[in-house]
1. With labels modelled as points extended 7 Å from the Cα through the Cβ direction, what inter-label distance (nm, one decimal) is found for Thr76 paired with Gln386?
2. Please report the net charge: other residues with Cβ closer than 15 Å to the Cβ of Leu277, K and R +1, D and E -1.
3. Whole-Hz Karplus ³J(HN,Hα) for region 88-103, in order, using 6.51 cos²θ - 1.76 cosθ + 1.60 and θ = phi - 60°, x for Gly and Pro?
4. I need the phi-derived Karplus couplings for region 48-65: 6.51 cos²θ - 1.76 cosθ + 1.60, θ = phi - 60°, integer Hz, Gly and Pro marked x.
5. Assuming R0 = 30 Å, what is the FRET efficiency of Thr415 and Gln393, from their Cβ-Cβ distance, to the nearest 0.05?
6. Using the Karplus curve 6.51 cos²θ - 1.76 cosθ + 1.60 with θ = phi - 60°, work out ³J(HN,Hα) for each residue of region 158-167 in order, rounded to whole Hz, and write x for Gly and Pro.
7. How far is it, in nm, from the label point at Asp259 to the one at Phe374 when both lie 7 Å from their Cα along the line to the Cβ?
8. Obtain the nm distance between the two label points defined at Asn171 and Ile280 by a simple spin-label model: each point lies 7 Å from its Cα along the Cα-to-C-beta direction.
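Only the coordinates and a few stated rules stand behind these numbers; no lab work does. All values reported here derive from a predicted model rather than from experimental measurement. All Cβ positions, glycine included, derive from the backbone under ideal geometry; neighbour counts span all protein chains shown.
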Amino acid sequence: MEKMTSWHDTNLRWFILVLIGVYPLVQFLIGEYPALLGEQIKSYFEVSQAEINYLLSFRSFPNMIMSLIGGLIIDTFGVRRSYVFFGSIVIIGQLLCFMSVILNSFIVMVIGRFIFGLFESSGFVAESYYINKWFKGKENSLAFGIDTGICRLGSIAAAIIYPYLYTTSNNDLSQCLLMCLYIAILSFIIIVILTQIDRCSDLRDKTSDQKLDSIDLRQIKQFSLEFYVTLISCVTCYAVFFIFGYNSVEMFKHIYKLDQKTANTLFSIPYYLSAILSPIVGHYIDKKGKNIEILLIASFCQLLTTTIFYLMPECDTSCVAFPMIGSILNGLFFGTYYAVMWPHIPLIVPSHMVGTGFGLTFACINIEITSFSFIVASMLQIENYQNYQQMNQLMLFLSLVGFIPLVYLFQYHRTQYHKNIHAQTDDNLSTNQIELIVKSKPT
């Protein structure tokens with residue numbers, strides 16, 4: 001239920017948006033440490049890049065179904081209680097990751113990442129619900145864009161904090177994981193504050209905690225063809241971005257002979273650009289629309305990115321130019337795609353099934369990330385140019401799979417637009433003819 005204008009104060013809503021943005025910010029801040037500390041983790045536990053990919057796979061694996069189950073939990077207990085529960089599970093998972101270093105057990109870290117990811121996407125479903133609850137109509141895309149900008153700060157901060165903390169703590173990996181634990185606890189406190197403000201708002205407006213109409217599997221068949229075509233693009237483009245990002249730092253070091261600091265900088269470029277672009281693109285979408293056109297341009301940027309990295313030869317000396325161009329294009333993709341895709345989903349599903357749409361989308365994203373992470377892990381058992389090229393070839397193919405559905409949707413919308421124009425023209429002609437007939441009748 002939309003909130004009363006008297007309580008739905010502008011300043012309060014934007015403060016709420018900042019609180020909402022803390023959850024994804026923390027997920028990216030904590031979630032990126034295996035990519036940024038891959039070399040240190042491999043050295044400490046004596047594992048390979050393939051095992052580093054397992055840290056991504058086991059984080060995403062539970063969300064193949066838990067996004068749907070998380071939606072059922074929200075539906076049963078309400079979004080506020082569920083959100084607090086999801087945040088507490090993140091703390092338990094990160095505690096195990098910290099303990100893995102103390103116990104010198106990589107298996108414990110894998111288990112911790114599994115628990116960390118258990119309800120991670122369910123938290124994103126709750127977050128998306130809150131944005132839709134507090135921001136309506138013309139502000140929706142801008143709110144998602146600002147939320148994207150906030151959460152991108154997590155990846156940016158991670159690229160700066162972890163290498164610095166590792167170096168200043170005399171190469172103590174446990175200090176980095178302890179920092180992640182502190183951040184998870186802070187996130188939990190912010191979630192509690194957010195839910196309490198939302199509860200007070202509902203009490204003032206004399207409404208209850210609206211239970212999200214999510215995850216009735218029998219209703220999924222009611223979704224339109226446009227939703228499923230969009231879903232193919234969304235999950236594939238996201239899988240490419242995160243799998244590539246997870247392996248990019250080590251690839252930059254091995255293939256382009258870059259040092260750790262430069263590789264981390266290139267890794268963070270897409271997140272810097274996303275933090276800047278997402279609010280701008282979101283505001284543009286609110287004003288002008290053209291969702292499909294913007295998504296098509298964004299996906300094309302990703303296609304160019306994967307093409308560049310696939311065609312790039314191995315460098316004998318340090319090579320920055322082409323990886324930087326690829327990282328910039330990747331940032332243009334992510335900063336644009338995220339700000340448009342998530343507010344687009346409520347437009348193409350029934351209004352009472354928005355939660356189901358979000359839940360199914362997050363579940364499918366994690367299915368694809370998990371599946372292809374295992375494939376990439378098998379490719380990178382040995383880190384050399386040929387194996388990284390196999391990975392880049394797979395990323396290029398998947399980015400093409402993500403691009404083609406948007407071409408179809410672009411043509412579909414153009415056809416529908418012209419049909420509507422012709423229908424309006426025919427209606428106007430029929431109206432004019434009726435008016436002429438009426439006027440020509442003798443009185």
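1. Output for this residue pair reads 5.2 nm.
2. Numbers: positive: Arg152; negative: Asp147, Asp286.
That sum, taken over residues with Cβ under 15 Å, equals -1.
3. Taking θ as phi minus 60°, the curve returns 5, 5, 4, 4, 4, x, 6, 4, 5, 4, 5, 5, 4, 6, 4, 8 Hz for region 88-103.
4. Coupling constants for region 48-65: 10, 4, 4, 5, 4, 5, 5, 5, 6, 4, 6, 6, 8, 3, x, 6, 4, 10 Hz.
5. Numbers: r = 34 Å, r/R0 = 1.13.
Plugging the Cβ-Cβ distance into 1/(1 + (r/R0)^6) gives 0.30.
6. 4, 5, 8, 6, 5, x, 5, 5, 5, 5
7. Those two pseudo-labels are separated by 4.0 nm.
8. Distance between the two pseudo-spin positions: 4.2 nm.
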